[in-house]
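Participant: Next up is a structure, given as structure tokens.
The values are calculated or read from the model by the stated rules, or taken from the named source; none is laboratory data. Quick caveat: nothing in here was measured; it's all calculated off a predicted structure. When we count neighbours, we look across all protein chains shown, and the Cβ atoms used for this are built from the backbone with ideal geometry, even at glycine.
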Amino acid sequence: MKGAEARDRASAVILAGGKSSRMGRPKALLPFDGEPLIRHLVRTLAPLFAEVVVVGGAGAEFVELMSLLRSLSSQPNELNEPNELNQPNKPYQPNQPNELNKPNELNQPNKPNLTLVRDEIAYQGPVGGIYYGLREAKGEFVFLTSCDAPFLNLALISHLISQISDYDVVVPYWQERFQPLHAVYRRSVAPLLGEQLERGELRPIFLYEKVRTRRVSEDEIRRFDPEGLSFLNMNTPEDYEAALKRWQRLAEEQRGRGGPHPSALAPMPPGGECTVELFSVARLLAKTSKIDLALPREATLADVLAALSDRLPVLVGPIIATDRKSLTSGNACNINGRTFVRDPKAPVQPGDSIFIISADAGG
């Protein structure tokens with residue numbers, strides 16, 4: 001799925017309804033890089049998603065979330081009546097800015113359609129939040145994250161979305177654990193999650209056993225996020241302080257390299273993909289002729305072949321070498337119909353077309 005298509009078909013959901021008992025205050029409202037953490041997350045996700053749904057919990061922080069998120073919506077003229085906020089799971093379309101907002105910074109492209117919804121039954125664990133988020137989202141696919149994970153990486157998120165075509169769930173597997181709160185779900189699995197809640201099955205893995213689940217390996221994740229910062233969350237004040245220091249350190253490193261602020265830890269803009277076209281034996285094995293792949297920054301042919309191995313493992317051995325970085329003898333790679341390359345370090349740019357051709361393909 002290319003970037004523009006993903007933006008049209010996918011939504012993002014941020015879970016912000018946890019107890020925050022160890023933190024001692026609502027995590028979504030913690031100051032982060034000069035603004036509340038929830039606003040930081042919405043801003044980061046906006047380039048990839050036309051819709052962002054925030055699932056809030058019960059309590060006074062729900063109204064404060066509503067106030068903070070108002071100016072980030074693309075639909076400023078739809079305001080629910082105040083008494084509607086007392087109804088469970090009633091969508092709220094954020095509206096007018098107030099003194100907490102920074103209007104001059106909010107006039108930016110890709111402002112999402114933003115919905116704030118209250119979790120009907122609080123503290124049901126991740127399954128409850130996932131269920132209510134999927135139920136309210138309009139996109140066919142939903143990227144889901146929690147409000148305490150500030151180091152979002154758009155390159156990795158884009159890659160996860162690109163994998164969903166043949167699956168119901170795409171979930172990273174990092175340090176021997178599934179990461180259900182940094183995963184992509186088809187909206188159509190919501191009824192199954194509702195049934196899980198009725199049975200008291202509050203672990204997402206019960207869903208993964210029932211549907212087509214793509215487990216994203218640690219090696220695959222490291223191509224986009226070498227340190228796994230995407231999965232670093234904040235549960236205690238000590239975690240929070242450590243995250244702030246890490247963010248500041250990243251900012252200093254970026255300045256030292258003359259690079260952008262780390263709010264571009266979203267290192268790849270939408271559309272940072274290449275297209276791989278398969279011919280002859282490769283096409284027969286894969287049972288497809290074309291596939292789109294997300295690229296990390298400064299991508300090489302080796303990155304493309306590794307990503308292709310993840311998507312089409314049937315090609316490893318006959319077409320792609322077992323090192324997953326090169327082609328086997330008798331197969332060739334052409335970039336944009338101009339140059340045949342075999343060097344795994346050959347650069348690949350977003351938008352490139354990669355042709356993989358067997359020696360018997362003919363002209």
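Participant: Considering region 273-299 alone, what residues qualify as being over 26 Å from Ile157 (Cβ atoms) and in contact with a Pro (Cβ under 9 Å, 6 or more places away or on another chain)?
Facilitator: Val281, Ala282, Leu285, listed by residue number.
Participant: Residues in region 313-334 that are of a type in the set (S, T, N, Q) and part of a loop (DSSP other than H, G, I, E, B): how many?
Facilitator: Going through region 313-334 one residue at a time, the tally reaches 4.
Participant: Still on this structure: Please work out if Ile130 is β-branched (Val, Ile, Thr), surrounded by fewer than 20 Cβ atoms within 10 Å (Cβ to Cβ) and farther than 20 Å from Asp310 by Cα.
Facilitator: In short, no.
Participant: Within region 335-363, which residues are modelled with pLDDT under 85 and outside any strand (DSSP E or B)?
Facilitator: Across region 335-363, the qualifying residues are Arg338, Ala359, Asp360, Ala361, Gly362, Gly363.
Participant: Starting from region 317-345, keep only residues that are in contact (Cβ under 8 Å) with a residue 24 or more places away in the chain and within 13 Å of Ala306 (Cβ to Cβ), then list their pairs with residues that are charged (D, E, K, R) and in a loop (DSSP other than H, G, I, E, B) whose Cβ atoms are within a distance under 6 Å, requiring at least 6 positions of separation or different chains.
Facilitator: Pro344/Lys325
Matching residues to (1) closer than 26 Å to Leu312 by Cα; (2) acidic (Asp, Glu):
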| residue | (1), (2) |
| --- | --- |
| Asp148 | no, yes |
| His159 | yes, no |
| Tyr167 | yes, no |
| Arg177 | yes, no |
| Pro180 | yes, no |
| Val184 | yes, no |
| Arg203 | no, no |
| Thr213 | yes, no |
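Participant: So Ile205 passes all but one of these: (1) under 24 Å from Asp225 (Cα atoms); (2) in contact (Cβ under 8 Å) with a residue 40 or more places away in the chain. Which condition number does it fail?
Facilitator: Single failed check for Ile205: (2).
Participant: If you go through region 115-161 one residue at a time, how many are part of a helix (DSSP H, G or I) and not small (Gly, Ala, Ser)?
Facilitator: Of region 115-161, the ones part of a helix (DSSP H, G or I) are 125-136, 154-161.
Keeping just the survivors that are not small (Gly, Ala, Ser) gives 126-127, 130-132, 134-136, 154, 156-157, 159-161.
The number of residues fulfilling the criteria is 14.
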